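The values are calculated or read from the model by the stated rules, or taken from the named source; none is laboratory data. Owing to the predicted nature of the structure, the values given are computational and were not obtained by experimental measurement. Quick reminder, even Gly has a Cβ in these numbers, built from the backbone with ideal geometry, and neighbours come from all protein chains shown. Just so you know, the surface numbers come from the protein's heavy atoms only, side chains and all, with ligands and any DNA or RNA stripped out. Shrake-Rupley method; radii C 1.70, N 1.55, O 1.52, S 1.80 Å.
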Amino acid sequence: MKNKNGIANLYLVLVFVVLYAPIFYLMYYSFNSGGTMHKFEGFTLDYYREVLQDTRLIIIVINTLVIALLSSAIATLLAVIGALAIQRSRSRRSKNALLSLNNVLIVSPDVIIGASFLILFTIAGIKLGFTSVLLSHVAFSVPIAVLMILPHLQEMSPTLTDAARDLGASRLNVLTKVILPIIKPGIFSGFFMALTYSLDDFAVTFFVTGNGYSTLSVEIYSRARQGVSLSINALSTLIFLFTILLVIGYYFLNQQKNKPSAIIAEPVAEAGVPR
């Protein structure tokens with residue numbers, strides 16, 4: 001048993017080394033004053049200054065953040081509605097059909113999704129740019145957020161909503177004062193997952209961006225094709241650190257569902273009894 005555990009731990013360490021070694025190699029040489037990724041000649045922050053002084057790059061970063069935040073917010077709102085619709089579906093067959101449709105964009109290759117959106121926007125006469133990128137990001141973020149919210153709805157006891165209605169709560173009060181507070185951790189988790197996917201996406205965005213509009217992933221790809229520059233290393237390091245912060249935030253939000261929740265009867269009573 002100890003030998004098996006040792007082999008499993010060794011395998012896990014090797015997996016993490018393979019995954020993270022290239023990232024740390026990239027980060028290490030982002031501080032190299034030599035300008036290459038072959039020999040470290042000295043420590044410098046010039047490439048980070050170059051990134052921060054690049055006006056075009058800053059505009060692209062702002063575009064990326066706006067797209068990510070806006071698409072995540074819209075996708076989370078739609079995901080709440082979709083998760084409620086799936087949960088309240090009475091027929092098991094229709095519920096499975098809705099779940100299957102929800103998962104199509106998750107299991108489909110990004111290239112197929114990007115090409116499909118490109119054809120759709122071209123036929124619909126939608127100009128490639130901010131609108132096309134936003135719509136495509138909302139579309140592939142909704143299924144992810146639904147999968148994060150739906151388990152919290154399934155764990156919620158139906159007696160809570162029944163008790164709120166018995167106390168005289170309207171449907172709106174049941175939704176805002178009973179259901180939403182209970183599934184709040186799932187909503188935040190879905191938002192952060194959608195935000196991460198939006199920030200990291202390249203394949204779909206590459207198809208639907210137009211001339212004069214770009215996101216960070218597409219810009220990094222374009223610069224990498226022009227030649228190796230350590231400013232790309234610096235930019236990638238900043239993105240990686242930002243992603244780590246998002247993951248940490250998602251982790252702490254996810255831990256809330258493992259803590260003993262407060263008295264659930266309170267929101268039920270608040271929904272039906274005015275103060």
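ILE244 to LEU120: FRET efficiency via 1/(1 + (r/R0)^6), r the Cβ-Cβ distance, R0 25 Å, to the nearest 0.05?
0.10
Mean Kyte-Doolittle of at least 1.0 plus a Cα span of 20 Å or more along the axis: flag which DSSP H helices in the chain meet both, please.
TM-like helix candidates: 2-29, 55-87, 110-124, 130-155, 230-255.
Please work out the Kirkwood hydrodynamic radius for the chain, using every pair of different C-alpha atoms, and report it in angstroms with one decimal place.
21.8
Note the full-extension length gain between ASN5 and LEU19 as 0.36 nm times their separation in residues minus their Cα-Cα distance, in nm to one decimal.
2.9 nm
With a 1.4 Å probe and all protein chains left in place, how much accessible area per residue does the chain have, in Å²?
On a per-residue basis, 61 Å².
Take the solvent-accessible surface of the protein heavy atoms, probe 1.4 Å, and return the percent of it on segment 106-150 that carbon and sulfur atoms account for.
77
Roughly speaking, what is the stretch gain from SER100 to ALA73, that is 0.36 nm per residue apart minus the C-alpha to C-alpha distance, in nm to one decimal?
Result for the pair: 7.4 nm of gain on full extension.
Can you list the residues, at least 5 places off or on another chain, whose amide H is less than 5 Å from the amide H of GLY35, using H built in the peptide plane?
For GLY35, no residues qualify.
Between LEU172 and LEU52, what length comes free when the chain is fully extended (0.36 nm per residue of separation minus the Cα-Cα distance, one decimal in nm)?
Gain in length upon complete extension: 38.5 nm.
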